[in-house]
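Asks: Quick one: the structure is below, and I'll ask about it shortly.
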Amino acid sequence: MPDTELETTLRYERYFNRFFRLLGGVDAKGAITTGPLDYDSDYTRGVFGLMYKLPLNIDCTVWVDTDGGARVKLAKTIPLAPRLDLGGEVRFDTHDYWESRVHLD
């Protein structure tokens with residue numbers, strides 16, 4: 001059976017107003033190796049940071065983690081139709097460097 005890679009970020013967000021919020025949580029990555037109960041963890045780290053809505057409705061997220069790293073992410077969503085959105089994000093992580101993504105929701 002091939003490995004199944006898993007990556008998740010569980011976080012709690014505390015809203016202060018519609019522009020600013022604080023976050024805290026856990027960022028984890030790993031793989032299921034042979035069966036559903038065999039999990040091999042690459043890393044599990046705590047995160048703490050803030051989120052801010054920039055002009056033009058660009059979401060900015062900045063966090064630091066317990067491994068001494070940091071992440072900056074910029075994301076934007078554009079509604080194309082009542083049930084269709086075009087979204088994109090770019091992020092820099094001191095552990096993984098640059099990543100980007102474009103998606104339709």
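Matching residues to (1) of a type in the set (G, A, S); (2) surrounded by 12 or more Cβ atoms within 10 Å (Cβ to Cβ); (3) at pLDDT below 95; (4) assigned to a strand (DSSP E or B):
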site: E7; (1), (2), (3), (4): no, no, yes, yes
site: R18; (1), (2), (3), (4): no, no, yes, no
site: R21; (1), (2), (3), (4): no, yes, no, yes
site: K29; (1), (2), (3), (4): no, yes, yes, yes
site: L37; (1), (2), (3), (4): no, no, yes, no
site: D42; (1), (2), (3), (4): no, no, yes, yes
site: R45; (1), (2), (3), (4): no, yes, yes, yes
site: F48; (1), (2), (3), (4): no, yes, no, yes
site: V64; (1), (2), (3), (4): no, yes, no, yes
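Asks: Tell me the residue from P55, P79 that is in contact with a strand residue (DSSP E or B) (Cβ under 6 Å, 6 or more places away or on another chain), under 28 Å from N17 (Cα atoms) and not acidic (D, E), please.
Replies: P79
Asks: Let me ask you something else. Do we find a residue being touching a helix residue (DSSP H, G or I) at 6+ places or on another chain (Cβ under 8 Å) and either free of Cβ contacts under 8 Å to residues at least 24 places away in the same chain or exposed (fewer than 13 other Cβ atoms within 10 Å of the Cβ) (or both) anywhere in the range 78-100?
Replies: Within the range 78-100, the subset touching a helix residue (DSSP H, G or I) at 6+ places or on another chain (Cβ under 8 Å) is none.
Checked against the condition, which is being touching a helix residue (DSSP H, G or I) at 6+ places or on another chain (Cβ under 8 Å) and either free of Cβ contacts under 8 Å to residues at least 24 places away in the same chain or exposed (fewer than 13 other Cβ atoms within 10 Å of the Cβ) (or both), the range 78-100 yields no hits at all.
The values are calculated or read from the model by the stated rules, or taken from the named source; none is laboratory data. None of these values were measured; they are calculated from a predicted model. Here Cβ is always computed from backbone atoms with ideal geometry, including for glycine, and neighbour counts include all displayed protein chains.
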